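Enquirer: Structure incoming, see below.
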Amino acid sequence: MSPSDFVHMSDDIPFDRSFDLVPGQVEEVRPGVRRMLCNNPSPFTFKGTVSYIVGRGHVAIVDPGPLDEPHIAALLQAVRGETVTHILVTHTHRDHSPAAARIKAATGAKTYGEGAHRPARPLRTGDVPRNEAGGDVDFNPDIVLADGDIVDGAGWRIEAVTTPGHTANHLAFALLGTDVLFSGDHVMAWSTPVVSPPDGSMSDYMASLEKLVGRPESIYFPGHGGAVMDAHRFVSHYIRHRRGREQSILQQLAKGEADIPALVAAIYVGLDPRLVRAAGYSVLAHLEDLAERGRVATQGAPSIEGRYRLLGA
Ligand SMILES: [Zn+2]
C-alpha cells in the first residue's frame with residue numbers, strides 16, 4: 001500500500017510514474033521474468049498489484065495478489081502448460097497475499113513467506129483497529145523463509161532478503177545471477193511506501209533501506225508500478241527524504257512541546273483533509289524511532305494521542 005499524495009509533497013525523490021501495463025496481460029520484462037497487473041487501482045495501490053512469474057516451464061509466482069477472480073484466472077491462464085512450483089509472498093497485505101491460497105489449490109505449489117501477519121510492536125491506544133489495517137491474517141506460509149535463505153527452482157535461484165519496515169514480515173527476493181530484485185512494497189518507483197505503526201516501523205524501514213544499498217542488485221521490480229532503475233541512487237533519495245521529514249519534526253519540536261495533529265498541521269502544509277490521519281501515523285512512525293534513539297520524550301509509550309518534546313535541547 002502506498003498513499004501517493006501526501007508523500008509526494010516533497011518532490012526530492014526522482015519518482016517514475018510511467019506504467020501502462022494492461023490488466024490481465026502478460027509482459028516479459030527480462031528473460032525468464034514475466035509480470036501481470038491486477039485491476040485493483042487505488043490511491044494506495046497505484047495502477048494495481050503487479051504479480052510476477054519467474055522461470056519457464058517450472059515457475060514461481062511472486063505476489064499472487066488480492067482475491068480478484070479475473071486476476072487469478074488470468075494468472076493461471078498465463079502459466080497454462082507450465083508447472084507452478086513455488087508461490088512467493090513479499091508481505092501479508094490484502095493486495096498481495098490472499099490469492100496465494102487459490103493459486104495453491106489450483107496448482108499444488110507450496111507457499112513461501114517470512115511468516116504470518118503481525119504488528120511491528122504491541123498495540124497501543126489510538127492504533128488502527130486490526131480489521132481496518134489491510135492485513136491478510138489468513139496467510140500462513142508452508143515454508144518459512146529467513147534472511148539469506150535460498151529458494152531453488154528449475155533454472156532460477158532466489159534469495160530471501162528480510163526487509164521489515166512497511167510490515168514486520170516484509171521480504172524482498174533477489175533473483176540470483178541477475179541484477180534483479182523483487183522489492184515488494186519496500187521500494188517502488190512511483191511513491192514511497194506507507195510506514196505506519198503498528199504494522200510499520202520506521203527504524204526497521206531505514207535499516208532495510210540501508211541493507212539494499214549494500215546489495216549488488218540494481219533493478220527492482222516492485223509490487224506496484226514499473227521498475228526502479230538505478231536502484232541504489234533511488235534508495236539513497238528515499239533515505240534522504242525520510243531524514244528530511246525527521247528534521248522537520250525535530251525543528252517543530254525545538255519550538256516547543258507538541259501533539260501529532262499540531263505537527264501534521266505544521267509540516268504538511270495544504271494537506272488534503274482525507275490524508276491527515278495517514279500523515280499522523282507517518283509522523284508517529286518517526287516519533288517512535290526518535291524516542292527509541294533518545295531524541296524525543298513522551299508520556300509512556302509513544303502513541304497517536306501523545307504529546308512530544310525534544311530531549312537534550
Ligand atoms: Zn503493502
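Rule-based calculations on the coordinates, nothing more; no lab input. Note that the coordinates shown come from a computational prediction; the quantities given were computed from them, not determined experimentally. All Cβ positions, glycine included, derive from the backbone under ideal geometry; neighbour counts span all protein chains shown.
Enquirer: Treat each spin label as a single point 7 Å out from the Cα along the C-beta direction, and report the Glu292 to Arg277 distance in nm.
Expert: Here the modelled spin labels are 2.5 nm apart.
Enquirer: Name the long-range amide H neighbours of His93: under 5 Å, sequence gap of 5 or more, or other chain; modelled H, no Pro or chain starts.
Expert: Under 5 Å from the amide H of His93: Asp136.
Enquirer: Next up: Among rounded, prolate and oblate, which fits segment 1-115 when a ≥ b ≥ c are the square roots of the eigenvalues of its C-alpha gyration tensor, a/c under 1.5 means rounded, and a/b larger than b/c means prolate?
Expert: Prolate is the answer for segment 1-115, as a/c is 1.5 or above and a/b outweighs b/c.
Enquirer: With no solvent and one equal point scatterer placed on each C-alpha of segment 182-313, evaluate the Debye formula and give log10 I(q)/I(0) for q = 0.09, 0.19, 0.20, 0.21 Å⁻¹, two decimals.
Expert: Each listed q maps to, in turn, -0.28, -1.07, -1.15, -1.22.
Enquirer: Efficiency by 1/(1 + (r/R0)^6): what FRET value for Ala207 and Asp179, r their Cβ-Cβ distance, R0 = 30 Å, to the nearest 0.05?
Expert: 0.85
Enquirer: Can I ask one more? Let a ≥ b ≥ c be the square roots of the eigenvalues of the Cα gyration tensor of segment 62-103; is it rounded (a/c under 1.5), or, if not, prolate (a/b larger than b/c) or oblate?
Expert: Note, shape of segment 62-103 comes out oblate.
Enquirer: What FRET efficiency comes out for Ala254 versus Thr125 if R0 is 22 angstrom and r is the Cβ-Cβ distance? Round to the nearest 0.05.
Expert: E between Ala254 and Thr125, to the nearest 0.05, is 0.25.
Enquirer: Using only alpha-carbon positions, what ratio does the radius of gyration of segment 95-172 give when scaled by 2.2 N^0.38 Å?
Expert: That ratio works out to 1.24.
Enquirer: Now for a separate question. Determine the gain in length on full extension of the stretch Ala301-Arg243; use 0.36 nm per residue of separation and subtract their C-alpha separation, reporting nm with one decimal.
Expert: My answer for the length gained is 18.6 nm.
Enquirer: Can you give the Rg to Rh ratio of segment 251-313, both from alpha-carbon atoms, with Rh computed by the Kirkwood formula?
Expert: Here Rg/Rh amounts to 0.96.
Enquirer: With a 10 Å Cβ neighbour count serving as the proxy for reagent exposure, in which order, fewest first, do Phe46, Phe139 appear?
Expert: Phe139, Phe46
Enquirer: Determine which residues of segment 216-233 fall in the zone a paramagnetic label at Val29 would reach in this model, i.e. backbone nitrogen under 16 Å from the point 7 Å along Cα→Cβ.
Expert: 217-232
Enquirer: Please give, to one decimal in nm, the separation of the simple spin-label points placed at Asp20 and Arg215, each 7 Å out from Cα toward the Cβ.
Expert: In this crude spin-label approximation the distance works out to 3.1 nm.
Enquirer: Here's a follow-up. Could you give the semi-axes, largest first, of the ellipsoid that matches the chain, computed as the square roots of 5 times the alpha carbon gyration tensor eigenvalues and rounded to whole Å?
Expert: Semi-axis lengths for the chain are 35, 19, 18 Å.
Enquirer: Now a separate question. Once you treat every alpha carbon in segment 186-228 as an equal point and sum by Debye, what is log10 I(q)/I(0) at q = 0.26, 0.33 Å⁻¹?
Expert: -1.02, -1.15
Enquirer: Okay, next question. Taking the Cα centre of the chain as the origin, how large is its charge dipole in debye, to the nearest 20, when only Lys and Arg (+1) and Asp and Glu (-1) carry charge on their Cβ atoms?
Expert: Charge dipole, the chain, about its Cα centre: 260 debye, nearest 20.
Enquirer: How large is the helix-only mean residue ellipticity at 222 nm for the chain, computed as the sum of -39500 (n - 2.57) over DSSP H runs with n ≥ 4, divided by its residue count, in deg cm²/dmol to the nearest 500?
Expert: Value at 222 nm, helices only, nearest 500: -8000 deg cm²/dmol.
Enquirer: Can you tell me how much longer the chain between Ala146 and Leu76 gets when fully stretched, taken as 0.36 nm per residue apart minus their C-alpha distance, in nm with one decimal?
Expert: 22.4 nm is the gain from fully extending Ala146 to Leu76.
Enquirer: Using only the Cα atoms of segment 239-285, build the gyration tensor, take square roots of its eigenvalues as a ≥ b ≥ c, and label the shape rounded, prolate or oblate: rounded if a/c is under 1.5, else prolate if a/b is larger than b/c, else oblate.
Expert: oblate
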